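I have placed the structure first, in the form of structure tokens, so that the comments after it can refer back to it.
Just so it is clear, none of the values below were taken in a lab; they were calculated from the coordinates. The structure displayed is predicted, hence computed values, not measured ones. Reconstructed Cβ throughout: ideal geometry from the backbone, glycine too, with neighbour counts over all protein chains shown.
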Amino acid sequence: MIKSKISIGKIVIYLILILWAITTIFPFIWVIVNSFKPSAEVLTSSFSLPKEFTWDNYTNAFSKLKIANAYKNSLLISGTVTVGVISVSTMMAFALTRYEFRGKKIIESMLVASLMFPVFSTIIPVFRLMSITDLLNSNWAVILPQIAGNLSFATIVLIGFLKSIPIEMEEAAYMEGANVFQVFLKIIIPLSKASISTVAIFSFLWSYNDLFVQKIMIKDNTKYPIASLLEEISSKYGTDYGLMASSVTLIVVPVLFVYIFLQKNIMKGLTAGAIKG
């Protein structure tokens, strides 16, 4: 029987990871527990279990804050952004990996370089463009900049995967009489499901959490997505801690569940093109 040796270094690493997990998970548990307490109880005993569970904070969140409407706006914006990013980035990645044309290297370099520019550096010209086209205070004022902002990352991820797909499969399809659209839809898209899923998840979550663009482009609080609504709640109801805790729970926890259940798809998509078969 072979006894496995546990080194001191490995013990230290595990202790650090356990400590990091506790400090990361505890705030979420604390917020969820306090969301079931009256505000007065949150002030006096925020680190204990509720003396009496109450749903009043959640009832007030839906009645006072119109969270359901904010969810609808967020799903509409983030869903449209996800579909737009997937549609454009897959076609861009296909063209950049399967065709040779003048300026191809320049486009690839620009894609990588664009990742270094934060959204803050381009928000003024984007805001002016949305103003000129009369799109401010509409969902499109958020959707279009977010699609543009996510395209570079999405295209680079898909390029890495498409390079690992043997081109012989497509050549065989062309010899059988298939055209470029049939090859793209019936070969490239099905084989790229893992990477497309990763792009879709990241695009949706980034759009959902993008408070900066939302606050700049939308001023009408009836059109606020969920992230913008949370910022408004903190300014209007900052002293109602029970309501704040329930609002944070309603807004943040669904995203955590999405990531927890889809994290395997994310890792699979990011590493799918790392090793060529």
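Things to note:
- Test item: Cα-centred dipole of the chain, Lys/Arg +1 and Asp/Glu -1 on Cβ, debye: 540
- Dipole of the chain, positive end: most advanced residue of Val248, Gly103, Leu65 [Cβ charges, Cα centre]: Gly103
- Per-selection Rg to Rh, region 1-136 - Cα, Kirkwood hydrodynamic radius: 1.17
- Distance between region 119-163 and region 71-105 - C-alpha centres, whole angstrom: 11
- Ordered by the number of other Cβ atoms lying within 10 Å of each residue's own Cβ, fewest first, Met130, Met175, Met169 fall into the sequence Met175, Met169, Met130.
- Note on Lys64 and Ala172: their simple-model spin labels are 6.4 nm apart, each label 7 Å out from Cα toward Cβ.
- In plain terms, the chain from Thr222 to Ile18 could stretch by 69.2 nm, reckoned as 0.36 nm per residue minus the Cα-Cα distance.
- Label sites at Val83 and Ser234, each approximated as a point 7 angstrom past Cα along Cα to Cβ, lie 3.2 nm apart.
- With K and R counted +1 and D and E -1, the other residues having a Cβ less than 9 Å from that of Leu96 yield a net charge of +1.
- Rounded, prolate or oblate (a/c below 1.5 giving rounded, otherwise prolate when a/b exceeds b/c) for region 59-212 by Cα gyration tensor: prolate
- Simple label model, 7 Å out from Cα along Cβ direction - Ile123 to Lys105, nm: 3.7
- Which of Asp56, Asp240 has the fewest Cβ neighbours within 10 Å, and the rest in rising order: Asp56, Asp240
- Long-range Cα-Cα pairs in the chain (distance over 35 Å), rounded percent: 36
- Shown for Phe26, Phe36, Phe212: other C-beta atoms within 10 Å of each C-beta, ranked fewest to most, produce the order Phe26, Phe212, Phe36.
- Listed peptides 84-90, 95-101 by packing density, highest first (mean Cβ within 10 Å): 84-90, 95-101
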